[in-house]
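Notes for the one structure printed next.
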Amino acid sequence: MIGLSMKHLRYFDALARHGHFGRAAENCAISQPALSVQIKELEEMIGASLVERGGRQIRLTSLGEEFAERVGAILRSVDELKDLGRSEQGPLAGRLRIGVIPTVAPYLLPDIIKLLAQRYPGLEPRPREAITQKLIEDLMQARLDMAIVALPVSQPSLEEVALFDEEFVLVRPLEDAQKPVPSADMLKKMRLLLLEEGHCFREQALSFCDIPASAPRDLMEGSSLSTLVQMVGAGIGVTLIPHMAVSIETRSSDVSMSRLAQPRPFRTIGMVWRKTNPLAAQFAQIADIVREVGLNKQHSTRDMIC
């Protein structure tokens, strides 16, 4: 096993995650032939094959799968040892990998990054936007330090910190502005525009309307809140969007915004990180910044909604 290095482990971890030499090489910022050589060296050190080669995709051998689990645990421990040192060095500095769900990122992230730069000039935020399932997976595998998501995530190994609650806002065509605001039961009978499957906001909207996620419906779907609002402006249907999205998504569309009747639907935005991370105290300070930005956004858009 002499000669085995962290470089070998990180390259193999990337290959195991991506299942493709090209994508793994790109992730590691090296050439594909160089990655192939490193993996071959690793297999020679181990004395057994870790990867089944053939075609564009690769598969791990049974040993490779077990090896990948052990490597992942080692890399997480190494990263946490580095964080332990950072926790004793005063103000948070260096790389900070923050995951953000798509229904939050465009609306809060710019202000969060600006405030972090002011208060932590030595910090290097590296945001990544993805759906909740992917963020939690990356967080568990130590590919992220923390994530901004809708709570709860109900993962025992993660610390959850609630930041603020946020109402859902009904978006209708402009000509419907004077009509009574529909109830949840009435929304069931209307053409409700939703985000594609995988977005937690979609599931929250379905839950409010008491529509089973598996129920076959004549629904229009979009990949972003912007697409949904544009479709509403075209008269295709109605949609729900989070309060923080109102000022950006409705500024160029002929739509009206209304608060729904009590009990109004809402989501809880929070931050999550691994309980084992030594930087937990510093992460709590980052969470306070995100809370501040979120509450300021709500206050600034309050008068835009009927």
Compactness index (Cα Rg / 2.2 N^0.38 Å), segment 93-305: 1.05
Calculated FRET value between L81 and E197, using beta carbons and R₀ = 45 Å, to 0.05: 0.70
Segment 6-84: mean projected area of Cα convex hull, nm²: 5.0
Probe 1.4 Å, all protein chains present, accessible-area order of D111, D185, largest first: D185, D111
Modelled FRET efficiency - R0 51 Å, A48 with M220, Cβ distances, 0.05 increments: 0.50
Residues of type aspartates and glutamates that K188 reaches as a straight line, Cα spacing below 12 Å, ignoring anything fewer than 8 places off in the same chain: D210, D218
All lysines inside 24 Å of K297 as judged from Cα atoms, apart from same-chain residues fewer than 8 positions distant: K114
Mean Cβ count within 10 Å, highest first, over the residues of peptides 238-250, 19-31: 238-250, 19-31
Fully extended contour minus Cα-Cα distance, from N296 to I248, at 0.36 nm per residue: 15.8 nm
Fully extended contour minus Cα-Cα distance, from K7 to R264, at 0.36 nm per residue: 87.4 nm
Nearest-0.05 FRET efficiency for D288 and Q57, computed from C-beta distance (R0 51 Å): 0.70
Å² of accessible area per residue within segment 6-84, as computed with a 1.4 Å probe and no ligands counted: 56
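The values are calculated or read from the model by the stated rules, or taken from the named source; none is laboratory data. Since the structure is predicted, the reported quantities are computational estimates derived from the model, not experimental observations. Every residue, glycine as well, gets a Cβ built from its backbone with ideal geometry; the counts of neighbours run over all protein chains shown. Surface accessibility is based on the protein's heavy atoms, side chains included, excluding ligands, DNA and RNA. Shrake-Rupley method; radii C 1.70, N 1.55, O 1.52, S 1.80 Å.
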